[in-house]
Amino acid sequence: MKQFSLKLLLVVSVCFIALSCSTAKKANKAKAATAAAKPPAKKPGKNDPKPYNKVITKDAKSDEGLFTVHTLDDKYYYEIPDSLFDREMLMVTRISKTASGLGFGGGKQNEQVLRWQKKGKKVILRVVSYNVVAADSLPVNEAVENSNFEPVLYTFPIKAFSKDSTSTVIDATPLFEKDVKSLGLPQFRRRPFKVTRLESDKSFIENIKSYPRNIESRHVKTYAAGSPPSNSSTGSISIEINNSMILLPENLMKRRYFDERVGWFARSQTDYGLEDQKSKSLTFLDRWRLEVKDEDIAKFNRGELVVPKKQIVYYVDRATPEKWRKYIKQGIEDWQVAFEAAGFKDAIIAKDPPTVEEDPEWTPEDVRYSVVRYLASPIPNANGPHVSDPRTGEILESDINWYHNVMSLLRGWFFVQTAAINPDAQSPQFKDEVMGRLIRFVSAHEVGHTLGLPHNMGSSVAYPVEKLRDAEFTQKYGTAPSIMDYARFNYVAQPGDEGVALMPNIGIYDKYAISWGYRPILGKTAEEEKPILNQWIMEHAGDPMYRFGHQQVGDVHDPSSQTEDLGDDAMLASEYGIKNLKRIVPNLISWTTEAGEDYDDLQEMYGHVVSQFNRYMGHVSNNIGGVYEHYKAADQPGAVYTPVAKDHQKRAMKFIQENLFTTPEWLIDKTIFDRIEYSGSVNRVRGLQVRTLNNIMSLGKMQRLTEAETFNGSEAYALTDMMKDLRQGIWSELRTGKRIDTYRRNLQRAHIDRLAYLMTAKNQGKAPAFGGYQKSTAVNTSQSDIRAVVRAELKTLRSQLRSARGADSMSRIHIADALERIDAILNPNG
């Protein structure tokens, strides 16, 4: 039995083994069949993502920041964290270095909001617009999005994913190597120079650097150009461009809505989501985010000054000469008094940057730092641009550009406007403390721009002219209520006005404007703030100290809002100014020359005298055909626009005739000309006279005179009266029989030339806005009274010329020539 059992067990075992073998064979056959049915694994495509270490090799140089930027073999790779896809970023395009005649270094060319998106195997860079909006919760939002589709700026194939799959790698090189117009030379710059294409072989990336909140890309672009502004033999333009890409805040700052009665840099959106029966433009301020700390709210509500959550900090560039740094800092911190009016202390601070040893990574290009940058440039200027969030107006950073030669400009202004009464200005070189005070003044002015304040050209008219000669008044109030006016230096003050202030400080208007824009209104929405802001304005309504007047360009219609002027009466202020120029001219040689030196300084300062005199003529002549503009809300009484009084305009005309059209002999100094030029003095006087003459006889002024007479009758200074006064003054020799000298002959020919121009002048439309403010008078020349009045003037002048007898042969030749010219204008065909 045992033997049988053992045999049976062996048989069973053998059968089991055989069965197992058979099963294994079947399984293997099944697997083989499945493998045969399955297609072979697809090889990675050329554009498919590759393993991270195959793209970003050990030879790559990596710069961590907003994105990690990897540099490898002249290629720049962006490693974009997934958390930053669909976040909004502001791209600011500036010219960093430029050719002569093509803008200036630091000039902003474009600004746009970008959004990085991942789609399939690509990364898409889109341009986001905030010009048209509606709340997400409203049905109209869908329509707004459909009509505001975000255009694609560029697409990039995904090169790799990070090892932990939390970021995406793309090759960003083509974005800056190719001709992406919005990141390079803008179209309005290309047209005048006939730019046709990018020359790729002469264009390259200088560097790309990453910081915690921004990426700075610097690249050189060379464009083929038919009319380059310089180096024309190359047939091209080369510029260095800087693109700053800045991450916008997730936590949006509360807006503050704009009111034209207080000057402010602002931006607009068209909102379709309001309950109004039409879309509405909402305009809000550009300003820094100044907020009260939670623990200080009770103090703030009690009226105590508090330090804001985040201060405005400006660093002074390491490149700034040591002796000027303290003055630039003083100009920055001068604004502390204005922020105290807004409820804050120590709101704005000036600092030295860390040394290279203290922080080798610190750089002005890092958006976390606002810097007064000192530029070794011949440009005689300074400017204060800022970058702000287009969604809220929050200022994110600002770099003030301080060009070395601004000191030359300051010296010229200070000399020509104060040297008659100020010994500190009567020398070729100013003492350091004098120049330092001027630097402090300009620093404060430029900082005001970076805080959100534009020029307030209506400020200086608040002061009666005689008060500018009062030491007590000017020491208390400065030369204007706002340092944001171009009220440079006190040219009104006369010898004997000891102790008078020579320049403006942070004034009453500046404190008011900063308080209006920055004082927190706690617990209120932006919309709920508006009645409170209106009340703050109404508390000072009608007070000229608190008035804002915008900067006018081109057709100046409001004589009370002019650049470079002082006081409430242009004729009286200019009379004092000319008296001072007459004191300066005889001393120019002694005040501007040194033994062993040439006469370059004399030539420069004489040029400043001529320019200053020309400014006075502009201040006065803009009263003719002038219309005052005083912004008001609908609940305020009185007109917004008021024509300048007739008597005031006639005074202006008389002033021009006596001080400019009667040859300004005091300006013609042969001892100066013998040292600076071999010819040109006659033409210089002619140029001064022609500029003012053409300004008085501009289409806008003539049209406004016509309209004023239409509405105000005999109370207005009629166009015919103005033209008659002008003619009688310019051609006075026809009545007196006096000799007509060279200067007067030139002026009289210019008068005929201007009349000829007006007979054929084209229609004038409204000029495009400048900074949101510019306006101009529209004129239809063929259908207005202008051409008819001009024709009548020509006929009257012809009649007077026919009756005139010249006092000498040159006068007679001139009269005969004038008659020929007029006949040709009135009878062009014959």
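The values are calculated or read from the model by the stated rules, or taken from the named source; none is laboratory data. Fair warning: this is a prediction, and the values are worked out from it, not measured in the lab. All Cβ positions, even for glycine, are placed from backbone atoms using ideal geometry, and neighbour counts span all protein chains on display.
Just a few scattered comments:
- Taken over the stretch 195-228, the criterion of being of a type outside the set (V, I, T) and without any contact (Cβ under 8 Å) to a residue 24 or more places away in the chain is satisfied by S200, D201, N207.
- Summed over the stretch 454-472, the residues that are in a helix (DSSP H, G or I) and of a type in the set (S, T, Y) give a count of 1.
- Annotation: Y272 fulfils all but one of (1) surrounded by fewer than 21 Cβ atoms within 10 Å (Cβ to Cβ); (2) of a type in the set (F, W, Y); (3) modelled with pLDDT of 95 or more; the unmet one is (3).
For every residue, the table says whether it meets (1) over 21 Å from the mean Cα position of the chain (by Cα); (2) surrounded by fewer than 18 Cβ atoms within 10 Å (Cβ to Cβ).
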residue	(1), (2)
P321	yes, yes
W324	yes, no
Q336	yes, yes
D352	yes, yes
V356	yes, yes
P380	no, yes
D399	no, no
V406	no, no
R411	yes, no
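- Just so you know, in the stretch 787-799 the residues that are closer than 19 Å to S732 by Cα and crowded, with 16+ Cβ neighbours inside 10 Å include one that is farthest from the chain's Cα centre (by Cα), and it is R798.
- Restricting the stretch 500-517 to residues that are in a loop (DSSP other than H, G, I, E, B) and not aliphatic (A, V, I, L, M), the residue that is surrounded by the most Cβ atoms within 10 Å (Cβ to Cβ): P504
- Residue in the stretch 666-675 that is buried (at least 16 other Cβ atoms within 10 Å of the Cβ), of a type in the set (S, T, Y) and assigned to a helix (DSSP H, G or I) present: no
- Pick from the stretch 216-259, criterion among the basic types (K, R) and under 30 Å from R519 (Cβ atoms), ranking: surrounded by the most Cβ atoms within 10 Å (Cβ to Cβ): R256
- Unmet requirement for R213, which otherwise passes all of (1) over 27 Å from the mean Cα position of the chain (by Cα); (2) surrounded by 16 or more Cβ atoms within 10 Å (Cβ to Cβ): (1)
- Residue count for the stretch 68-92, restricted to those that are β-branched (V, I, T) and closer than 16 Å to P249 by Cβ: 1.
- Within the stretch 693-743, restricting attention to residues that are in contact with an Asp or Glu (Cβ under 8 Å, 6 or more places away or on another chain) and among the polar types (S, T, N, Q), the residue that is nearest to N622 (Cα to Cα) is S698.
Matching residues to (1) in contact (Cβ under 8 Å) with a residue 40 or more places away in the chain; (2) of a type in the set (S, T, N, Q); (3) crowded, with 22+ Cβ neighbours inside 10 Å; (4) not assigned by TED's automatic domain parsing to the domain that holds A347:
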{"position": "N490", "(1), (2), (3), (4)": "yes, yes, yes, yes"}
{"position": "E498", "(1), (2), (3), (4)": "no, no, no, yes"}
{"position": "R519", "(1), (2), (3), (4)": "yes, no, no, yes"}
{"position": "L533", "(1), (2), (3), (4)": "yes, no, no, yes"}
{"position": "W536", "(1), (2), (3), (4)": "no, no, no, yes"}
{"position": "H540", "(1), (2), (3), (4)": "no, no, no, yes"}
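- P228 vs. criteria under 26 Å from D179 (Cβ atoms) and within 25 Å of the chain's Cα centre (by Cα): yes
- The one condition in (1) in contact (Cβ under 8 Å) with a residue 60 or more places away in the chain; (2) out of contact with any strand residue (DSSP E or B) (no Cβ under 9 Å at 6 or more places or on another chain) that P643 fails to fulfil: (2)
- Residue within the stretch 676-683 that is charged (D, E, K, R) and buried (at least 17 other Cβ atoms within 10 Å of the Cβ) present: no
- Scanning the stretch 344-395 for residues that are among the aromatic types (F, W, Y) and in a loop (DSSP other than H, G, I, E, B) yields W362, Y369.
- Tallying residues that are in contact (Cβ under 8 Å) with a residue 60 or more places away in the chain and under 30 Å from M435 (Cα atoms) within the stretch 501-517 yields 10.
- Residues of the stretch 409-455 satisfying the condition of being among the acidic types (D, E) and either closer than 17 Å to G607 by Cα or in contact (Cβ under 8 Å) with a residue 12 or more places away in the chain (or both): D432, E446
- Failed condition for G625, given (1) on the phi < 0 side of the Ramachandran plot; (2) buried (at least 17 other Cβ atoms within 10 Å of the Cβ); (3) small (G, A, S): (1)
- With respect to being buried (at least 18 other Cβ atoms within 10 Å of the Cβ), under 29 Å from the mean Cα position of the chain (by Cα) and not small (G, A, S), V169 falls outside the description.
- Considering only residues in the stretch 396-414 that are part of a strand (DSSP E or B) and touching a Ser or Thr at 6+ places or on another chain (Cβ under 7 Å), the one that is farthest from L248 (Cα to Cα) turns out to be Y403.
- Hey, R368 over 25 Å from the mean Cα position of the chain (by Cα) and either loosely packed, with under 15 Cβ neighbours inside 10 Å or among the hydrophobic types (A, V, I, L, M, F, W, C) (or both) or not: no
- When we screen D635, D601 for residues that are out of contact with any strand residue (DSSP E or B) (no Cβ under 8 Å at 6 or more places or on another chain), under 19 Å from L409 (Cα atoms) and not polar (S, T, N, Q), the only hit is D601.
- Looking only at the stretch 197-208, residues that are under 13 Å from A172 (Cβ atoms) and surrounded by 14 or more Cβ atoms within 10 Å (Cβ to Cβ) come to 2 in all.
- The lone exception for F441 - which of (1) under 17 Å from L409 (Cβ atoms); (2) among the hydrophobic types (A, V, I, L, M, F, W, C); (3) part of a loop (DSSP other than H, G, I, E, B) it fails: (3)
- Wholly within the stretch 725-830, helices (runs of 4 or more DSSP H) carrying at least 3 residues that are in the same structural domain as Y641 (by TED's automatic domain parsing): none
- Per the listing Q494, Q475, Q417, the residue uniquely outside the structural domain of E604 (by TED's automatic domain parsing), surrounded by fewer than 19 Cβ atoms within 10 Å (Cβ to Cβ) and not in a loop (DSSP other than H, G, I, E, B) is Q475.
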